[in-house]
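Visitor: I'd like to ask some things about the structure below.
The values are calculated or read from the model by the stated rules, or taken from the named source; none is laboratory data. It should be emphasised that the depicted structure is a prediction, and the values quoted were computed from it without experimental measurement. When we count neighbours, we look across all protein chains shown, and the Cβ atoms used for this are built from the backbone with ideal geometry, even at glycine.
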Amino acid sequence: MNSILKPKTAHYTVADYMNWPDEERWELIDGVAYDMSPAPRINHQQITGRIYSRLEQKLQGKTCQPFIAPVDVVLSDIDVVQPDVLVVCDPNKITERNIQGPPDWVAEILSPGTARKDLREKKALYERSGVNEYVVFDPVQAWVQRFVLIDGVYGAGEILDPSEDLPLGFMPGEVLALGEVFGFL
């Protein structure tokens, strides 16, 4: 597949994005297009799968629904992203084509080519869009940083390691065992 590069100096809208070829994966942050290729590494996909499968088990019969990339999340007229894993608790945000509005929980698994964007641009976007919890997983160093939105701000975030449990704010009392997520148990 020969991907057409979108100029970084151009600003796009969600309407532009919706007309791009389906076989190309892009994200828009503040109207800037970010190419989503190449495909993630195996460890990234294993962690993504473990997070999703555990969330799916915990959420059976509940209002909240987990999703796994690629699924478009439209946050504004110039912002559309494809988080690795997300949870939406408001069924009115779920359309046939995409998610409209901020998810309740978003997880991004860092990759060498996207780590800076995930920790800088996406974190700022999720914060200003009202994503209640943003969780970043580092598959190489095996740590997690959890940001919880308080009064519209994330703050420094809580650092967790594989020996700890990750609290799920959208489901009080429930946790993800990080040793399982990282494949250590």
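Visitor: Quick check, is K123 in contact (Cβ under 8 Å) with a residue 40 or more places away in the chain, among the basic types (K, R) and within 15 Å of V81 (Cβ to Cβ)?
Guide: Working: in contact (Cβ under 8 Å) with a residue 40 or more places away in the chain: no; among the basic types (K, R): yes; within 15 Å of V81 (Cβ to Cβ): yes.
Spelling it out, it is not the case that K123 is in contact (Cβ under 8 Å) with a residue 40 or more places away in the chain, among the basic types (K, R) and within 15 Å of V81 (Cβ to Cβ).
Visitor: Let me ask you something else. Take the residues of segment 143-165 that are among the charged types (D, E, K, R) and in a strand (DSSP E or B): which is nearest to E127 (Cα to Cα)?
Guide: Within segment 143-165, the subset among the charged types (D, E, K, R) is 146, 151, 158, 161, 164-165.
Still in the list and also in a strand (DSSP E or B): 146, 158, 165.
Working: R146: 12, E158: 15, D165: 23 Å.
Per the criteria, the residue is R146.
Visitor: Which condition does L59 not pass, out of (1) of a type outside the set (D, E); (2) touching a Phe, Trp or Tyr at 6+ places or on another chain (Cβ under 7 Å); (3) in contact (Cβ under 8 Å) with a residue 60 or more places away in the chain, if it passes all the others?
Guide: All conditions pass for L59, except number (2).
Let's see how each residue does on (1) among the small types (G, A, S); (2) over 30 Å from D77 (Cβ atoms); (3) surrounded by fewer than 18 Cβ atoms within 10 Å (Cβ to Cβ); (4) within 16 Å of the chain's Cα centre (by Cα):
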{"site": "I109", "(1), (2), (3), (4)": "no, no, no, yes"}
{"site": "A115", "(1), (2), (3), (4)": "yes, no, yes, yes"}
{"site": "Y126", "(1), (2), (3), (4)": "no, no, no, yes"}
{"site": "V136", "(1), (2), (3), (4)": "no, no, no, yes"}
{"site": "D151", "(1), (2), (3), (4)": "no, no, yes, no"}
{"site": "F170", "(1), (2), (3), (4)": "no, no, no, yes"}
{"site": "L178", "(1), (2), (3), (4)": "no, yes, no, no"}
{"site": "L185", "(1), (2), (3), (4)": "no, yes, yes, no"}
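Visitor: Same structure again: Suppose we keep only residues that are surrounded by fewer than 17 Cβ atoms within 10 Å (Cβ to Cβ) and not charged (D, E, K, R) within segment 57-75. Which one would you say is farthest from the chain's Cα centre (by Cα)?
Guide: Among residues in segment 57-75 that are surrounded by fewer than 17 Cβ atoms within 10 Å (Cβ to Cβ) and not charged (D, E, K, R), the one farthest from the chain's Cα centre (by Cα) is G61.
Visitor: Mind checking which residues of segment 164-185 are under 24 Å from I150 (Cβ atoms) and charged (D, E, K, R)?
Guide: Of all residues in segment 164-185, those under 24 Å from I150 (Cβ atoms) come to 164-176, 178.
Residues satisfying the conditions are E164, D165, E174.
Visitor: Here's a follow-up. Tell me yes or no: at least one residue of segment 123-135 is hydrophobic (A, V, I, L, M, F, W, C) and assigned to a strand (DSSP E or B).
Guide: Of all residues in segment 123-135, those hydrophobic (A, V, I, L, M, F, W, C) come to 124-125, 131, 135.
With assigned to a strand (DSSP E or B) added as a condition, the list becomes 135.
Among the residues of segment 123-135, at least one is hydrophobic (A, V, I, L, M, F, W, C) and assigned to a strand (DSSP E or B), which makes the answer yes.
Visitor: Can you find, within segment 3-59, the residue that is modelled with the lowest pLDDT among those that are farther than 30 Å from G179 by Cα and among the small types (G, A, S)?
Guide: Among those that are farther than 30 Å from G179 by Cα and among the small types (G, A, S), it is S3.
Visitor: Pairs needed: first member in segment 64-86, closer than 16 Å to E121 by Cα; second member anywhere, among the aromatic types (F, W, Y); C-beta distance under 6 Å; at least 6 residues apart or different chains.
Guide: V80/Y17
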